[in-house]
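Worksheet for the structure shown next.
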Amino acid sequence: MICRVATRWWFLMMAMATGAGMLGAQTKRLAISVDARGQYAITAQGQVKPVLVSGVAAKVDGQWIHSSDYPRHDVQSTTAEGYWGKAQERQVTFSGLAGKPELLYRIRADDTQPWADIEVTVRNNTGRAFEVQGLRAVESAAEGVAVPGAPSADRVLSDSFSEDRPAMQLRDLGNWKHQMHLAVGSQLIYNRETHASLFLGALSSEHFLTILRLHMAGTSGAPRIARYEVDSTGTTEMELENSLEHSPAVDRVELSLPIAPGLQISSEPLAISTGIDYHQQLETYGSLIHKLHHARVDAPPLMGWWSWTAFYFGLNEAAALTNATWEAEHLKRFGYDIFHIDEGYQYARGEYTTPDAALFPHGLTPLEYKVRGLGLTPGIWTAPFEISQRSAVFQQHPEWLVKNAQGHPIHAGDVVDGKDQLYVLDTTNPGAQEYLRTTYRKLVREWGIHYIKMDFMDDSAIEGYYYKPHTTAMEAQRIGLGIIREAVGDDVFLDKDGSAMLNPVGYVDYGRISQDTGHSFDASREAAPGIAARYYMNRNYFVSDPDAFTVSTQRITDQTWHEGRAALTLDEARVSMALAAVSGGMFEIGDNLPSLQKSEDRVALLGNRDLIDMVRLGKASIPIDLLSYTDADRQPSLFYLKESDRQSVLTVFNWTEQPRKHAVRLADIGLTGGPYTVTEVLSDKALDAASGSLELEQPPHSVLVLKIVDNRLPGTPPEITMDCNDSGSSGDNLSFAAHDAPEHPATAYRWDFGDGVETDGSHAHHAWTEPGDYDVSVTAKGLDDRDSRRSCRVHVSGHLPTKFMPARNQRYEPN
C-alpha cells in the first residue's frame, strides 16, 4: 500500500448558514445558527449542510427536560471574548414550561479559528429547590450529525479512562459495542473518503465527567447514527464497568446536586471543531488544555527501571537491591537513573508508608538510602484514594471513607481476584486530608522519594456522600490532588496512572496514556492505540507515560495477564522499546535486570543512541495513519518524528500475524529535499531512498525505526540560549536555564559553575560559597554529535556569616 499524508492546512472555509427561520452568525471559520425551535447548527465554510444540529437538555429531579419541550425561547446575539480571541456568541434561553427551571445555552464560534464552544445552564426560577443529575450540551437526532462522506467510511476515536476499563477505542463506525460508541472526555469522527472530521472535547472537569454517546443503528456494513448525546454528569455510568461492577445497588449512587431558588448550575464547557485535518484538531485542543489548566509540562523525560512487570507483587528487599545495583552498573551511563518500586512493597492499599515486613524486613528507608548511594533516584507507587479492608484507615477511621445513603462505606472493587476489598477515601474529610499530607510528606522527607506514581484514580472516582455535602467525584479527586501536590512540593514528580485524562492536569508532571504493558507482544499491540491516539497530550496535558517496555526473555508464569505463554522474540522486544520511544515521554524498563546478563543483543537495545535521543527530545512521534490505517494493518502503524531540520525518524510497526509491505513516499511525509540517507537504527542497515520512496518489508510482530538524514544540510550544533543570574551573594541559590530551538534541538545539557561543581539538565540551581567572579557555562549535545556552549559571568559578593546570631534563627514549621 502507499502511505500518503494529508497536507497540514487549516480547515474547510465557512459558508452562510441556510434554512427557513435561521438566524445566521458568520465567522471566518465556522458559522453558528439558531433555528425556529432554538436548536443550534454548526456549519463549515464550503458546506451547505451543517455538520451538527442539536438541542440541549438537563436531567432535573430524575427526569430529562429537553429544549424542545419549552414553549418559547429567546436568542441574544453579541460579540464576545472566546478562548482564542473575538468570537460570535449566541445565548438562547428556554422558558415557559410550568414548574420547570429555565434552560439556557451559550455557544460561541471563534472569529479566527475553526472552533466553537458551548455551555449549558439550568437556572432555578421556580421558587422551590430541585436537584440536577446531568446537563446535556449535545442532543442531536440522526439527521443532526453529518460528517461529509459515506458513513461506512467513518472511523471513531473514543477517548476514555487511561487504561483498559473501558478501553480507549479506534473503531470503524459500523464496529460498535452495545449499540453505541461510548467515550469519556473527547470523541473524533473521521471520514476516510472526504477526510472531513468532527471533534468534540471537554474543556474542564471542575464538577462533572463528560460522557459522549454516539448511538448507532443499521448494520455493520451499512451503519448510521441514530442520535448523539454529550453529557456533563457523574461517574457512576462509567464506574459500572470499573470499581462498581460487583457492588450492590445501594453503592451505585447517582450524582444529584441541589439547586436552591435563585441559583444556577452549568455544564463543563465543550469544544467543537470540524475540518479536514484531524491531527491539527487534536493538537489545537491539546494546546488549549495546556493553556487553560496551567499544565505542568517542563519535567524531563524520565528514564529508569520499575518493578511491576519484573516482579509484580513479589519484589523483596534483596531482589530490589540486586536490580538497583545492576541498573547503576550497566544502565546509568545511558541516562537510566530512576529506580521505581511499584505495588507490592506496602502492607495494604491505604498504608503506603507501612512496608510489608515479609518482603522488606528493614523497611524501605535503608533500601532507598542505598539506592541514592548508587546514584539512582528513588520512585514509589501509590493509589492515593483507595483504602483496602486490611488497612489501618479502614479499620480505625471508617468515617474517612465515601458513604452511601445509609451511611456505610461504598464498596469499590478489590485488589485482585476478590482478595482485599476496596473503599474510597473522602478527600473532603479533615482527617482524611491530614492522612494524605502525612503519607506523602513521609514518602518525600523520610524515604527520600522524588518520583511518585498515583494509580487507580479511575476506580476511586465514585459518586457518593462526602463530608463536604454535594461534592462530586471529579471535585473530590482534584481536592485530593491539590493536597498531595502541596504536601510534596513543586520539586517532586507526580505521575498519574489510571484516571480520566483531563482531571489531573495541572497537578501532575507525568500521565499514563496507554493500557498496561507486559512480557508479550499482545500487550504492546493493545497499548499502541492509546499511545497513538493520545500523542497530542504529550507536553500539553503532562509528559506522557506509555508504561514500561520489556526486552528480556523473562516469563511470569504465575500471572494471567499478558504473561507466561512464550518469551519475547528479539523482534518483539524491539517493538516494545520502540513503542515507548515514539511516545516522547517516560522510558522505563520493566524486566528483572539480571535476566539480561547473557543477552548481549538485548542489552545493546537499552543503550541504542537513536531511541534514547527520541526520548530526550521529548517530542511525541505523530501517528500519521491514526485514523487512516488500512484494514490489513488493523491499527495505526506509521509514526513520524521531525527531530530537526536535517533529521527525521519514521517508525513502522507490523502488528499483524502476516508479513507486511509498505511503500512510503518521502514527499508524503513532508520530505521534499534530499538526497537522503536512510538507516534502520535497530539493525544498522542502510536503505535505498534514491527513488523518493521507501519499499519496506516486515515479518510479523516487528518494527523498523528509520533515521532519515537530509544530506544537503550539514550537521549543526544545537541552537541554544541561556538564562543567567549575573550576580548574587555567597550562599544564595541562583537559578539558571538553557533553551533550544526546534530546528536545531539539544538532547542533553551539562553545566559547569566554575568552582568545580557540574550538573546535568536544562534547568539548574547553584550556590557559591566564596565571593568572586565565576564563569558559568552550559554545554548542549545535539543529534549530530556536535556541541554548543554558552557562558556568562556571575559576580558573587559577601561571605557566609559564621557568628552565632540567635536573634536571626527561625523555627522551621512544615506547611
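The values are calculated or read from the model by the stated rules, or taken from the named source; none is laboratory data. All of these numbers come straight from a predicted model, not from anything done at the bench. Ideal geometry is used to build each Cβ from the backbone, glycine not excepted, and the neighbour counts take in all protein chains shown. Just the protein is used for accessible areas: all its heavy atoms, side chains included, with ligands, DNA and RNA removed. Shrake-Rupley method; radii C 1.70, N 1.55, O 1.52, S 1.80 Å.
Would you check if there is a residue in the range 253-269 being open to solvent by less than 20 Å² (accessible area, probe 1.4 Å), farther than 23 Å from G585 by Cα, modelled with pLDDT of 95 or more and within 20 Å of the chain's Cα centre (by Cα)?
yes
Restricting attention to the range 154-183, report how many residues are in contact (Cβ under 8 Å) with a residue 40 or more places away in the chain, open to solvent by 10 Å² or more (accessible area, probe 1.4 Å) and either in contact with a Pro (Cβ under 6 Å, 6 or more places away or on another chain) or of a type in the set (A, V, I, L, M, F, W, C) (or both).
5
What number of residues within the range 392-416 are among the small types (G, A, S) and either under 30 Å from the mean Cα position of the chain (by Cα) or under 22 Å from R485 (Cβ atoms) (or both)? Spell out the reasoning first.
Kept after step one, since they are among the small types (G, A, S), are these residues of the range 392-416: 392, 405, 407, 412-413.
Now narrow it down to the ones that are either under 30 Å from the mean Cα position of the chain (by Cα) or under 22 Å from R485 (Cβ atoms) (or both): 412-413.
Final tally of qualifying residues: 2.
Residues in the range 546-553: is at least one surrounded by fewer than 24 Cβ atoms within 10 Å (Cβ to Cβ) and β-branched (V, I, T)?
Yes, the range 546-553 contains a residue that is surrounded by fewer than 24 Cβ atoms within 10 Å (Cβ to Cβ) and β-branched (V, I, T).
Would you confirm whether any residue within the range 521-529 is of a type outside the set (D, E, K, R), within 30 Å of V253 (Cα to Cα) and not in a strand (DSSP E or B)? Don't jump to the end; show me each part of the working.
Quick first cut of the range 521-529, residues of a type outside the set (D, E, K, R) only: 521, 523-524, 527-529.
If we keep only those that are within 30 Å of V253 (Cα to Cα) too, we end up with none.
Looking for residues that are of a type outside the set (D, E, K, R), within 30 Å of V253 (Cα to Cα) and not in a strand (DSSP E or B), one finds none in the range 521-529, hence no.
Condition first: in contact (Cβ under 8 Å) with a residue 60 or more places away in the chain and either assigned to a strand (DSSP E or B) or open to solvent by 20 Å² or more (accessible area, probe 1.4 Å) (or both). Now tell me which residues in the range 85-106 satisfy that. Walk me through it before giving the result.
Step one: of the range 85-106, the residues in contact (Cβ under 8 Å) with a residue 60 or more places away in the chain are 87-88, 90, 101, 105.
The answer is A87, Q88, R90, Y105.
Which ones in the range 486-504 are buried (at least 19 other Cβ atoms within 10 Å of the Cβ) and out of contact with any Gly (no Cβ under 6 Å at 6 or more places or on another chain)?
Of the range 486-504, the ones buried (at least 19 other Cβ atoms within 10 Å of the Cβ) are 487-488, 493-504.
Selection gives A487, V488, F493, L494, D495, D497, G498, S499, A500, N503, P504.
Restricting to the range 765-791, give me the number of residues that are of a type in the set (A, V, I, L, M, F, W, C) and over 30 Å from L713 (Cα atoms). Steps first, answer last, please.
Within the range 765-791, the subset of a type in the set (A, V, I, L, M, F, W, C) is 767-768, 776, 778, 780, 783.
Filter once more, so that each one left must be over 30 Å from L713 (Cα atoms): 767-768, 776.
Within the range 765-791, residues that are of a type in the set (A, V, I, L, M, F, W, C) and over 30 Å from L713 (Cα atoms) number 3.
Residue-wise test of (1) at pLDDT 95 or above; (2) within 23 Å of S544 (Cβ to Cβ); (3) buried (at least 21 other Cβ atoms within 10 Å of the Cβ); (4) of a type outside the set (A, V, I, L, M).
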| site | (1), (2), (3), (4) |
| --- | --- |
| M614 | yes, yes, yes, no |
| D633 | yes, yes, no, yes |
| F653 | yes, yes, yes, yes |
| G692 | no, no, no, yes |
| P700 | yes, no, no, yes |
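Quick check on the range 223-241: of everything there that is open to solvent by less than 60 Å² (accessible area, probe 1.4 Å) and either without any contact (Cβ under 8 Å) to a residue 60 or more places away in the chain or in contact with a Pro (Cβ under 8 Å, 6 or more places away or on another chain) (or both), which residue is farthest from D455 (Cα to Cα)?
The first filter runs over the range 223-241 and keeps only residues open to solvent by less than 60 Å² (accessible area, probe 1.4 Å), leaving 223, 225-226, 228-236, 238-239.
Add one more test, that the residue is either without any contact (Cβ under 8 Å) to a residue 60 or more places away in the chain or in contact with a Pro (Cβ under 8 Å, 6 or more places away or on another chain) (or both), and what stays is 223, 225, 238.
Details: P223: 38, I225: 36, M238: 17 Å.
Restricting to residues being open to solvent by less than 60 Å² (accessible area, probe 1.4 Å) and either without any contact (Cβ under 8 Å) to a residue 60 or more places away in the chain or in contact with a Pro (Cβ under 8 Å, 6 or more places away or on another chain) (or both), the top hit is P223.
Yes or no: T769 more than 30 Å from K707 (Cβ to Cβ), in contact (Cβ under 8 Å) with a residue 12 or more places away in the chain, open to solvent by 80 Å² or more (accessible area, probe 1.4 Å) and part of a loop (DSSP other than H, G, I, E, B)?
Values: more than 30 Å from K707 (Cβ to Cβ): yes; in contact (Cβ under 8 Å) with a residue 12 or more places away in the chain: yes; open to solvent by 80 Å² or more (accessible area, probe 1.4 Å): yes; part of a loop (DSSP other than H, G, I, E, B): yes.
Here the answer is yes, as T769 does meet what is asked.
Checking Y70 against (1) surrounded by fewer than 17 Cβ atoms within 10 Å (Cβ to Cβ); (2) modelled with pLDDT of 95 or more, which single condition isn't satisfied?
In the conditions (1) surrounded by fewer than 17 Cβ atoms within 10 Å (Cβ to Cβ); (2) modelled with pLDDT of 95 or more, Y70 misses (1) alone.
Exactly one condition in (1) under 24 Å from G498 (Cβ atoms); (2) out of contact with any helix residue (DSSP H, G or I) (no Cβ under 7 Å at 6 or more places or on another chain); (3) assigned to a helix (DSSP H, G or I); (4) not aliphatic (A, V, I, L, M) is not met by K291; state its number.
For K291, the exception is condition (1).
Kindly state which helices (runs of 4 or more DSSP H) lie completely within the range 306-400 and contain at least 3 residues that are closer than 23 Å to R441 by Cβ.
Working: elements: 308-311, 317-330, 365-373, 392-396.
In the range 306-400, the matching helices (runs of 4 or more DSSP H) lie at 365-373, 392-396.
Would you call D516 open to solvent by 30 Å² or more (accessible area, probe 1.4 Å), among the acidic types (D, E) and within 18 Å of F456 (Cβ to Cβ)?
Yes: the conditions hold for D516.
Exactly one condition in (1) open to solvent by less than 90 Å² (accessible area, probe 1.4 Å); (2) touching a His at 6+ places or on another chain (Cβ under 7 Å); (3) closer than 30 Å to L650 by Cβ is not met by S727; state its number.
(3)
Where residues in the range 531-566 are assigned to a loop (DSSP other than H, G, I, E, B), in contact (Cβ under 8 Å) with a residue 60 or more places away in the chain and under 14 Å from the mean Cα position of the chain (by Cα), which of them is nearest to K642 (Cα to Cα)?
Narrowing the range 531-566 to residues assigned to a loop (DSSP other than H, G, I, E, B): 534, 539-541, 546-548, 550-566.
Those left that are additionally in contact (Cβ under 8 Å) with a residue 60 or more places away in the chain: 534, 539-541, 548, 550, 554, 556, 559.
Keeping just the survivors that are under 14 Å from the mean Cα position of the chain (by Cα) gives 534, 539-541.
Numbers: R534: 18, R539: 16, N540: 18, Y541: 21 Å.
Within the range 531-566, the match that is nearest to K642 (Cα to Cα) is R539.
Please list, ordered by first then second residue, the pairs with beta carbon atoms under 7 Å, 6 or more apart or interchain, first in the range 347-364 and at positive phi, second outside any strand (DSSP E or B) and open to solvent by 30 Å² or more (accessible area, probe 1.4 Å).
G350/F394
Take the conditions farther than 30 Å from A44 by Cα, open to solvent by less than 10 Å² (accessible area, probe 1.4 Å) and in contact (Cβ under 8 Å) with a residue 60 or more places away in the chain and apply them to Y312. Does it pass?
yes
Can we say P301 is modelled with pLDDT under 95 and open to solvent by less than 40 Å² (accessible area, probe 1.4 Å)?
Working: modelled with pLDDT under 95: yes; open to solvent by less than 40 Å² (accessible area, probe 1.4 Å): yes.
Considered against the rule, which asks whether it is modelled with pLDDT under 95 and open to solvent by less than 40 Å² (accessible area, probe 1.4 Å), P301 comes out as yes.
Which number in (1) open to solvent by 40 Å² or more (accessible area, probe 1.4 Å); (2) in a loop (DSSP other than H, G, I, E, B); (3) closer than 30 Å to L671 by Cβ marks the one condition that G715 misses?
Among (1) open to solvent by 40 Å² or more (accessible area, probe 1.4 Å); (2) in a loop (DSSP other than H, G, I, E, B); (3) closer than 30 Å to L671 by Cβ, G715 violates only (1).
Taking the options A196, A109, A116, A150, name whichever one is of a type outside the set (S, T, N, Q), touching a residue at least 40 places away in the same chain (Cβ under 8 Å) and open to solvent by 20 Å² or more (accessible area, probe 1.4 Å).
Numbers: A196 fails: open to solvent by 20 Å² or more (accessible area, probe 1.4 Å); A109 fails: open to solvent by 20 Å² or more (accessible area, probe 1.4 Å); A116 fails: open to solvent by 20 Å² or more (accessible area, probe 1.4 Å).
That would be A150, the only listed residue that is of a type outside the set (S, T, N, Q), touching a residue at least 40 places away in the same chain (Cβ under 8 Å) and open to solvent by 20 Å² or more (accessible area, probe 1.4 Å).
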